[in-house]
1. Does the stretch 178-200 include one or more residues that are assigned to a helix (DSSP H, G or I), within 27 Å of Q4 (Cβ to Cβ), in contact (Cβ under 8 Å) with a residue 12 or more places away in the chain and under 23 Å from the mean Cα position of the chain (by Cα)?
2. Specify the residue that is nearest to the chain's Cα centre (by Cα); the eligible residues are those in the stretch 212-235 that are among the hydrophobic types (A, V, I, L, M, F, W, C) and either surrounded by fewer than 20 Cβ atoms within 10 Å (Cβ to Cβ) or at pLDDT below 90 (or both).
3. Is there any pair linking a residue in the stretch 148-162 that is under 17 Å from L102 (Cβ atoms) to one that is assigned to a loop (DSSP other than H, G, I, E, B), with Cβ under 6 Å and at least six apart or on different chains, and which?
4. Name the single residue that is least open to solvent (accessible area, probe 1.4 Å) among those in the stretch 1-25 being under 16 Å from Y87 (Cα atoms) and assigned to a loop (DSSP other than H, G, I, E, B).
5. Are any residues in the stretch 110-130 open to solvent by 50 Å² or more (accessible area, probe 1.4 Å) and in contact with a Phe, Trp or Tyr (Cβ under 6 Å, 6 or more places away or on another chain), and if so, which ones?
6. Can you name the helices (runs of 4 or more DSSP H) wholly within the stretch 98-175 that have at least 2 residues being farther than 30 Å from V2 by Cβ?
7. When the residues of the stretch 173-190 are filtered to those that are among the small types (G, A, S) and open to solvent by 50 Å² or more (accessible area, probe 1.4 Å), which remaining residue is modelled with the lowest pLDDT?
8. Quick one: which of G143, G170 is touching a residue at least 12 places away in the same chain (Cβ under 8 Å), touching a strand residue (DSSP E or B) at 6+ places or on another chain (Cβ under 7 Å) and open to solvent by less than 30 Å² (accessible area, probe 1.4 Å)?
Amino acid sequence: MVFQPYTIRGVLAEFVEYIIFMSGREMGTGVAFPRMNQVIIINLGAAFGVSDVFSGQSLRGTANGIWINGKQDEPFLLDNDGVTSMYAIGLRLGMVPYFTGLPARETNNLAVEAGDWGAGSRLRASEIAALREQLFDLSIEAGFGLIERYLLSLVRNSDLSAMRKVQWLGRAMHSQPVEAMCRTLGITRKRLRNEARYYFGDAVKNIQGIIRLNRTLGEIATRPEEPLSAVGDYFDQSHFIRDFKARTGITPSQYRRLCRQFPLIAQTPNFLSMSRETFLQFIAAGEE
């Protein structure tokens, strides 16, 4: 798999964390664990399918053109039998409404395709479809420039009055409890819940749980030889194991074994590049 990143400068960097062009066959299929950040995908390659990683049942989310990967609470299998070729636009926490004009909770899905964004979205399906057609004829660098100009046009037409508060919340969710956020902002828990669902896609507690899980996945993937007791900031070990298994379907020990055998996972801790059969065979092999 080839990853070609684009350096984002100026105003857009406050809204977009990364723009990457991905191509190749090596990462078309894999197991995805829960994630928090929303990503706009402009797909130029083969279509993707989505299924339950444990049962194999197809899920809503098969996509071959343009879609938003929103907040995801359950693990799933992403499948692509062809060649991957796509632009991935990673939005910073809380930035979905500035591009879509929609509450972030409406993008909480496996793949919200362009045709389902609705008339209220700033990301007009017809406009971004026309942009996608242009990308087929452009070099990757020229494509990056076209995407940047389009995203900037959306930002410039947005109401930015709440921007600083949303940015602060995005940072605070990594470390502060709900009560502290309410005191700092001078708002009630109910209002914080409503604003979190609008800008981030869910109540603060669940967002923090997914953020913590992704941090834990990264710690295990980059330091798979360390004892699990040294990982994360959970109340106790039993709570850690319960929460991890509830969110991923596997135990921390099973995940660590995956990381030891497939060290490339360290580059994408919540995405394991492997088939469903390989994944199920591996975790069925037993605990350490």
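1. Taking the stretch 178-200 as the starting set, the residues that turn out to be assigned to a helix (DSSP H, G or I) are 178-185, 189-199.
Then drop every residue that is not within 27 Å of Q4 (Cβ to Cβ), which leaves none.
No: zero hits.
2. Per the stated criteria, the residue is V231.
3. Here the result reads L154/R122; V155/F15, each pair linking the stretch 148-162 to a residue that is assigned to a loop (DSSP other than H, G, I, E, B).
4. Step one: filter the stretch 1-25 for residues under 16 Å from Y87 (Cα atoms), giving 1-8, 16-25.
When the remaining residues are screened for being assigned to a loop (DSSP other than H, G, I, E, B), the result is 1, 7-8, 25.
Numbers: M1: 49, T7: 84, I8: 29, R25: 159 Å².
Residue satisfying both the conditions and the ranking: I8.
5. Listed by number, the list holds a single entry, E113.
6. 163-172
7. S175
8. Values: G170 fails: touching a strand residue (DSSP E or B) at 6+ places or on another chain (Cβ under 7 Å).
Exactly one residue qualifies, and that residue is G143.
The values are calculated or read from the model by the stated rules, or taken from the named source; none is laboratory data. Not measured: the values here are computed from a predicted model. A quick note on method: Cβ atoms are made from the backbone with ideal geometry, for glycine too, and the neighbour counts reach across all protein chains shown. Please note that ligands, DNA and RNA were not included when accessible areas were found on the heavy atoms of the full protein model with its side chains. Shrake-Rupley method; radii C 1.70, N 1.55, O 1.52, S 1.80 Å.
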